[in-house]
Amino acid sequence: MDYEDFFAGRISDLKTEGRYRIFIDLERQAGSFPKAVHHLDNGEIRNITVWCSNDYMGMGQNSDTLAAMHQVIDKCGAGAGGTRNISGTNHYHVLLERELANLHDKEAALIFGSGWMANMTALSTLGALIPGCVIVSDAKNHNSMIEGIRHSRAEKKIFKHNDVEDLDRFLSHYDSDTPKLVAFESVYSMDGDIAPIKEICDVADKHNAMTFLDEVHAVGMYGKNGGGVAEREGLMDRITIIQGTLAKAFGVVGGYIAGSGAMCDFVRSYGSGFIFSSSMPPAVAAAATASIRYLKQHNEMRERHQERAATLKRRLTEAGIPVMPSVSHIVPVLVGDVVLCKQASDDLLMKHNIYVQPINYPTVERGTERLRFTPTPLHTDADMDHLLSSILEVWSRLGLKQAA
């Protein structure tokens, strides 16, 4: 086999299908989020507005977050020095895990290098080592959950998205003594819908099943303290394991699980993805702790965030732009064609200095290609005015679908 020819051929296939992904070379500007500098290949630089960041609350620019990171870099240096088992447990990791356990009103928490690794490690470890465990997973769960379940080699069932009756049907096939785990998300980030957490918990309790809730796109943004949708709905005590990220609303990087002390200790002691990974830099842990504490105390940021999302949905809808149904802060706009979706994104960037990433298959189903907007508390009315006029120009020129 000509290996290089194989690699090039598969990349060519992606380009032919219009699904080849190009990294946008950005330079975030401290203190001016959501503004950034776009570096082009020809050396040109342009000032743009970012409308698709997962730094949902702008906490990557928050002064408390930055001060904590600076302080601990000066105090502890750059890296952690090893895995958590071999010299890599810094006091700031311990403080962060305590803060996360408190956020979710759980006994303990365990941090990972990313939310992807938290899901992968926790689900694969639980599924592999609980004898006879069956994992029942929502059809639209994130890739990290799918991979964790797959690598566990546990028996798996996939229930229809947010369909409690279908979940009940699957669980009814097993007796009460069979170990079972229901894995689902709170906010689904591509469509912006929210799981019926209470009803799922009711079914899980009925069948003596554990619950594993991914709150990645909700922590920091929902609930009085930012504990997520489960906190907002008063259901955190009914969830066995809550998984979250430090890389979105909290503005840093990393992931975690929270639950009972025994469960966290079990994953800590048996999870390969945790045991054999170097721990996050202490300064990152300190920054995340500061960010969590800040958002706990500033519910007005969550209120502003929801207002910005609702306002953008309303204004786009009034302008005839096809906003897909969403009850969360996610604002998906349907294009429905892979090539036109990429073209609309390119035109917004190059003609209007607006960056929003096209979302294509396999992230979403074919025919549902979209632009996914994520307004933040720091997007101004002027930013929104510019976005609306720019979208209308692009939609008209490309002949894209209007709202029904």
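The values are calculated or read from the model by the stated rules, or taken from the named source; none is laboratory data. What you are looking at is a predicted structure, and each value in this text was computed from that prediction instead of being measured. We place every Cβ from the backbone using ideal geometry, glycine too, and count neighbours over all the protein chains shown. Please note that ligands, DNA and RNA were not included when accessible areas were found on the heavy atoms of the full protein model with its side chains. Shrake-Rupley method; radii C 1.70, N 1.55, O 1.52, S 1.80 Å.
Taking Ser172, Ser32 and ordering them by how much accessible surface each has at a 1.4 Å probe, largest first, produces Ser172, Ser32. Compute the distribution of all C-alpha to C-alpha distances in region 169-321, in bins of 5 Å from 0, and list the percent of pairs in each, rounded to whole numbers. With 5 Å bins starting at 0, P(r) equals 2, 8, 14, 18, 18, 16, 11, 7, 4, 2, 0. Cross-link pairs exceeding 21 Å between alpha carbons, from the set Lys35/Lys351; Lys160/Lys342; Lys15/Lys160; Lys157/Lys206; Lys198/Lys296; Lys180/Lys206: Lys160/Lys342; Lys15/Lys160; Lys198/Lys296.
Seen from a random direction on average, the alpha-carbon convex hull of the chain projects onto 21.8 square nanometres. Relative to the dominant Cα principal axis of the chain, helix 197-206 is inclined by about 30°. Angle check, please: helix 115-129 long axis (alpha carbons) against the longest principal axis of the chain (alpha carbons), in degrees 0 to 90, nearest 10. Between helix and principal axis, roughly 30 degrees. Each of Tyr361, Ile158, Ala109 was placed along the dipole of the chain (beta-carbon charges, centred on the mean Cα), and the one lying farthest toward the positive end is Ala109.
Using the average count of surrounding beta-carbon atoms within 10 Å as a protection proxy, the listed peptides 135-147, 66-78, 19-31, 297-309 rank, highest first, as 135-147, 297-309, 66-78, 19-31. Here the simple spin-label model places points 7 Å from the Cα toward Cβ, and for Asp177 and Ala403 these points are separated by 5.7 nm.
Here the chain exposes an accessible surface that is 52 percent carbon and sulfur, computed with a 1.4 Å probe and the other protein chains kept in place.
About its Cα centre, the chain has a charge dipole of approximately 280 debye under the convention of +1 per Lys or Arg Cβ and -1 per Asp or Glu Cβ, with nothing else charged. The angle separating the long axis of helix 381-398 from the principal Cα axis of greatest extent in the chain is about 70 degrees. Restricting attention to region 179-329, close to 40% of DSSP beta bridges with both partner residues there are antiparallel.
Protein heavy-atom accessible surface, 1.4 Å probe, per residue over region 117-245: 37 Å².
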